[in-house]
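Here, each number is a calculation from the coordinates, and none is a lab measurement. As the structure is a prediction and not an experimental result, all values here were calculated from the model. Here the Cβ is made from the backbone with ideal geometry for all residues, glycine too, and neighbour counts use every protein chain on show.
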Amino acid sequence: MTVMDTWKIESNPGKQTLVTWAIVVVGLILVFGFRDFDGSGFTNSLAGFLLGILLLLIGVPGIFMVGKQTITVDPKACRITIEDTTRFGKKIRTIPFDEIVELHISELGARSEGSVSYYITLKLRSGKNYPLFFPSYFDGRWDRSVAESRCRRLEEYLRK
């Protein structure tokens, strides 16, 4: 029997910050670009202005919620530890290996638009599902083969 090393993977908060700021900038451009909309009815300029407001409502709080997620698979302790760190503190969740009934690859997004991201879903004994490598920005989240590789590796840890 071979001894497996602890597997630790971290999200990329830099990418998350970049996307959040891009949303804010696009929102500002739309708000200022369509600020002189004609208020007499539903027009394209009103739609552009409201879309800008919506993007700002999503992006501005996102700036403060950017965080880092660290997932540690510890074969010696037989557990997975998920640590979420934000500006507001740290939250740690521990999942013992024996609580995991099955795991599979899940996806988020529309294939027709080409924006599908992949993550692993753990089915727990309680009947609940727990997503791993989601929603944080992990390298390879857009590539199904990366998710399949992570899933196989996690299965190996669970079998040992």
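Structure above, values below:
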read-out	value
Distance (nanometres) between label positions extended 7 Å along Cα→Cβ at Lys128 and Thr94	1.6
Efficiency of FRET from Cβ geometry, Leu18 and Cys78, R₀ 30 Å, rounded to 0.05	0.25
Whole-number percent relative contact order across the chain, with pairs defined as alpha carbons under 8 Å at least 6 apart	20
Listed candidates (i) 40, 17, 13; (ii) 30, 18, 14; (iii) 33, 16, 15 - label of the one calculated as semi-axes √(5λ) of the Cα gyration tensor in Å	(i)
Cα→Cβ-extended label distance, 7 Å offset, between Val60 and Val25, nm	1.9
Tail fraction, Cα-Cα pairs, the range 16-65, threshold 18 Å, whole percent	32
Helix-only CD estimate at 222 nm, as mean residue ellipticity for the chain, using -39500 (n - 2.57) per DSSP H run (n ≥ 4)	-12500 deg cm²/dmol
Mean projection area, nm², convex hull over Cα of the range 1-92	8.6
